[in-house]
Amino acid sequence: MEIFERILGIILPVFIIIALGYGYARLRGDAVRSDMTAVNRVSMDVLCPLLVFTALAAKDFDLADNGMLILAGALISLGSGLLAWPIARWLGYDVRSFVPPMMYNNCGNMGLPLAILAFGTSSLGSAVALFMACNLVYFSVGIKIIESGRDKNGVRTSPWKFLANPMMIAMIIGMAFAIVHVPLPKPLFIAMKMLGDACIPLMLFALGVRMMDVSLKSWHIGLMGAIVCPIAGLAVALLLDQFISLTAEQRGQMFLFASLPPAVFCFMVAEQYKQEPDKVASIVLLGNLAALLFVPVGLWMGLPK
């Protein structure tokens, strides 16, 4: 019961912010959509990359100690996408809309606070390692899936184009800082972290605004995404648990990570690429609601008996 109350305390603020965004959009009308386009661009290009960089560049993050956990996180993300692909084909969904959200779960604004609540403040490094692995997979394989079939002029894009993405640049630089452990001046680091932290409520608020465009016909793909994402993740985690050696805390973190719902950031990317953002918004919204069921399951599977 105590774990459920803690999880509820993390998830409820998420839905309150989404509801505020929806209420604001209802009050202000269609003009809000164009206003949020600029906000979303700033979040994608500046705020979210700073969130990733400051998480990796923090002095308490050790890259070497979390190598196996990073591998596990990457395999869970890839495996979830692989399991989701035939389901999308079978149900007639656009793979570009359904599969990438299955690969990128809410390991940032939900996973990090949950990890601290479940395993203590010393667990933050492991949670950041999983966050990094998930970002690496999504902004390479996931973005390539979204971009597939969009070239109408026969021009081949470079397979390394994804490295120019602000999130990937922030991750690469952050990993370099994690390896060499060069500290940033404290005032600069605090300023960057404050900006990075700002992207979390902004993304949730933007999702609420986008809910204005969500139609009832999107509930089916949203429900399927809400179920497939955590079940696929937990299935891959169960398999990895037989082969990968992790500490007790890292094992618990792996199962918590696997049970998380699709990330709000998936909606931001769908908005940017105009890839059925209303359907992706439904996947994200219903997925985060379903976290009330699946996150306790992940914790039960991962915590020492």
Notebook entry, point to check: Measuring from centroid to centroid over Cα atoms, what is the spacing of segment 39-66 and segment 163-206 in Å?
Noted result: 3 Å
Check: Going toward the positive end of the dipole of segment 1-100, with +1 on Lys and Arg Cβ and -1 on Asp and Glu Cβ, which of C48, T37, F61 do you reach last?
Finding: T37
Notebook entry, point to check: How big is the accessible area of W219 in square angstrom, nearest 10, if you roll a 1.4 angstrom probe over the protein chains?
Noted result: 140 Å²
Check: Rounded to the nearest 20 Debye, what is the dipole magnitude of the chain about its Cα centre when Lys and Arg each give +1 and Asp and Glu each give -1 at the C-beta?
Finding: 560 debye
Margin query: So with the 1.4 Å probe, I'd like the accessible area per residue for segment 212-300, rounded to whole Å².
Written below: 39 Å²
Note to self: Mean-square fluctuation check for the chain, GNM, Cα pairs under 10 Å: which of K186, K144, K279 is largest?
What the structure shows: K186
Note to self: Can you compute the helix-only [θ] at 222 nm over the chain? Use -39500 (n - 2.57) per DSSP H run of at least 4 residues, normalise by all residues, nearest 500 deg cm²/dmol.
What the structure shows: -24000 deg cm²/dmol
Note to self: Restricting to Cα pairs below 8 Å that are 6+ residues apart, what does the relative contact order work out to for the chain? Please round to a whole percent.
What the structure shows: 32 percent
Margin query: Between K59 and A248, what's the calculated FRET efficiency when r is the beta-carbon distance and R0 is 35 Å? Round to 0.05.
Written below: 0.90
Check: Convex hull volume of the Cα atoms in the chain, per residue, in Å³?
Finding: 139 Å³
Next item on the list: Could you check how much of the accessible area of the chain is carbon and sulfur, as a whole percent, using a 1.4 Å probe?
Entry: 69 percent
Checklist line | Cβ-placed point charges (K, R +1; D, E -1), dipole of segment 11-155 about Cα centre in debye, nearest 20 | finding: 440 debye
Next item on the list: Compare the Cα positions of I244, V95, V284 along the charge dipole of the chain (+1 at Cβ of Lys, Arg; -1 at Cβ of Asp, Glu; about the Cα centre) and return the one farthest towards the positive end.
Entry: V95
Checklist line | Surface accessible to a 1.4 Å probe, per residue, for the residues of segment 1-144, Å² | finding: 43 Å²
Check: In the chain, with Lys and Arg counted as +1 and Asp and Glu as -1 at Cβ, which of these residues, F119, G196, Q275, has the Cα nearest the positive end of the dipole, that is, farthest along it?
Finding: Q275
Next item on the list: Extending each Cα 7 Å along its Cβ direction at L293 and L238, get the distance between those two points in nm, one decimal.
Entry: 1.6 nm
Next item on the list: Kyte-Doolittle cut-off -0.5, length cut-off 24 Å along the helix's own axis using Cα: show which whole DSSP H helices in the chain pass.
Entry: 2-28, 67-91, 186-210, 219-240, 277-302
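The values are calculated or read from the model by the stated rules, or taken from the named source; none is laboratory data. Quantities reported herein were computed from a predicted structural model and do not represent experimental measurements. Every residue, glycine among them, receives a Cβ derived from its backbone with ideal geometry; neighbour counts consider all protein chains shown. In case anyone asks, the SASA skips ligands and DNA or RNA and just uses the protein heavy atoms, side chains included. Shrake-Rupley method; radii C 1.70, N 1.55, O 1.52, S 1.80 Å.
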